[in-house]
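The values are calculated or read from the model by the stated rules, or taken from the named source; none is laboratory data. The shown structure was predicted, so the numbers you read here are calculated from the model rather than taken from an experiment. FYI the Cβ positions are ideal-geometry reconstructions off the backbone, even for glycines, and counts take in every protein chain you see.
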Amino acid sequence: MRRSVVVALLVAVVVVGDQAAAFGQPPPPPPNPTDQQLDSSRGAVQSQAEQVGALTGRIASTQAGVEQLQEQLAGQREDANRAQVDLERAQQAAAEARTRADRAGIATAAASAAIDSARTRLDDFAVASYQGALDSGPLGLLSAASSPDELVARAQLTDAVATEQARALAALERARVGQANAESTARLARDEAETRRAAASDAQRTAAQAVTAAERATAEEARQQQVLESEQAGLEAQLADLRAGDATLRAQRDRFDSWARRQAELQAARDRAEQQAAAARAAAPVTPSARAPRSGATGASDVAQRVIDRAVSQLGVTYAWGGGSATGATRGIRDGGVADSFGDYRKVGFDCSGLLIYAFAAAGIPLPHYSGYQYDQGRKVPLAQMRPGDLIAYQTGGRIGHIALYMGGGRMVEAPFSGSQVRIAQVRYTAGLLPYVSRLL
């Protein structure tokens, strides 16, 4: 049961679709964005792309700045490394100089103490030898002499010993002076090393501060670059959305254009078929019932239908300003303006009033070659009551500038303007449309 219902529905859909096709109902048009929407979309894409391009330039400049700062930072770090090495060397040299100065001071003090001790012993020896004649010296040479000669010999020996001690004392004195000089040199070297150490310490501290400042500057520049890159990512995302939207609009326009072309092709085919049928009817002989009401293909009387068919038989004929007569298309004439710019005077065709002259010749009704006079020639009927064969007029600036033939079904046949052709169109309910049609039949 359920399957039968589904089949019935499908058959109904097919039948309805076939009926719609048979009646020539066009499918609904796809969305058609306006030119303003397309221009606005393209402008937005262009503007966004320019912003992205400008930001890309700023990022490139910032990147170059970051790289330059990084190069400077690398150099400053090397300077800091060199300053650290110089400081360590200066500290080591100062420590060694202090050690040498300390050792020299100790050696000088020891030498001075030895000289002082030797001098004391020499003084004690001299006093004991020459004043007390006692064995109070370290050698005891003046004691226990057995004879004057021995005493003299011992005295000479004592002098010799004293002289030798004096030489030794002088040598010690020289050693002390040398040691003192060495101590002074070591002290100067220590002071110089300390000065260099202090300078190296200052240089190291300055270099470290420079490195810190450079690191901060590099970090800030890198942060700015990240901010710009984040901004760029946002702009590029917006640009992608705009491009996608623009592509969607243009795809819609392309689909609409394809649909419009297809509809135009279908309409052209219908027009050709209608033209051929109208031409065949227009060529048929007039019957005695030519004025019988509402028996034609458009619901018009036979005579109105013959007038309509005669106009429709000229579908596709070129527009030529001033062209058209009761017998057919003629060469256009000069107007000194727009028509001349289209070369209408070189073309064979119809203008709007010339087409109606040719159409109404089928009913034996002569018309002047001016749309205003043609409109005035008929009886005025409200638009709501118009019927096939009536004249539809449009005015511009207070005068009639265009006239067409109503076919029925909301359509009219016309020769619209320079550069166009005779065509069937929907009645245009624009501001210039006159509220009355002109009825000649």
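In the range 150-168 there is no residue matching the filter, namely being in the same structural domain as Gln48 (by TED's automatic domain parsing), over 30 Å from Ser112 (Cα atoms) and within 60 Å of the chain's Cα centre (by Cα).
Looking across the range 395-441, the residues that are surrounded by 19 or more Cβ atoms within 10 Å (Cβ to Cβ), more than 17 Å from Ser313 (Cβ to Cβ) and under 52 Å from the mean Cα position of the chain (by Cα) come down to His402, Ser418. Considered as a group, the residues in the range 389-441 that are touching a strand residue (DSSP E or B) at 6+ places or on another chain (Cβ under 7 Å) and among the basic types (Lys, Arg) include one that is nearest to Tyr358 (Cα to Cα), and that residue is Arg423. Has the range 26-35 got any residue that is assigned to a helix (DSSP H, G or I) and modelled with pLDDT of 85 or more? So far as the range 26-35 goes, yes, one or more of its residues are assigned to a helix (DSSP H, G or I) and modelled with pLDDT of 85 or more.
Residue by residue, here is whether (1) more than 30 Å from Thr108 (Cα to Cα); (2) modelled with pLDDT of 90 or more; (3) surrounded by fewer than 14 Cβ atoms within 10 Å (Cβ to Cβ) holds:
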{"position": "Arg174", "(1), (2), (3)": "no, no, yes"}
{"position": "Gln179", "(1), (2), (3)": "no, no, no"}
{"position": "Ala186", "(1), (2), (3)": "no, no, no"}
{"position": "Ala189", "(1), (2), (3)": "no, no, no"}
{"position": "Glu192", "(1), (2), (3)": "no, no, yes"}
{"position": "Arg197", "(1), (2), (3)": "no, no, no"}
{"position": "Arg205", "(1), (2), (3)": "yes, yes, yes"}
{"position": "Thr212", "(1), (2), (3)": "yes, yes, yes"}
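For the range 368-387, state whether one or more residues are among the aliphatic types (A, V, I, L, M), surrounded by fewer than 17 Cβ atoms within 10 Å (Cβ to Cβ) and not in a strand (DSSP E or B). Within the range 368-387, one or more residues are among the aliphatic types (A, V, I, L, M), surrounded by fewer than 17 Cβ atoms within 10 Å (Cβ to Cβ) and not in a strand (DSSP E or B). Quick check: is even one residue across the range 342-365 of a type outside the set (Phe, Trp, Tyr), buried (at least 22 other Cβ atoms within 10 Å of the Cβ), modelled with pLDDT of 95 or more and assigned to a strand (DSSP E or B)? Yes. Going by the structure shown, is Gly299 surrounded by fewer than 24 Cβ atoms within 10 Å (Cβ to Cβ), under 26 Å from Leu433 (Cα atoms) and either among the basic types (Lys, Arg) or modelled with pLDDT of 95 or more (or both)? Here the answer is no, as Gly299 does not meet what is asked.
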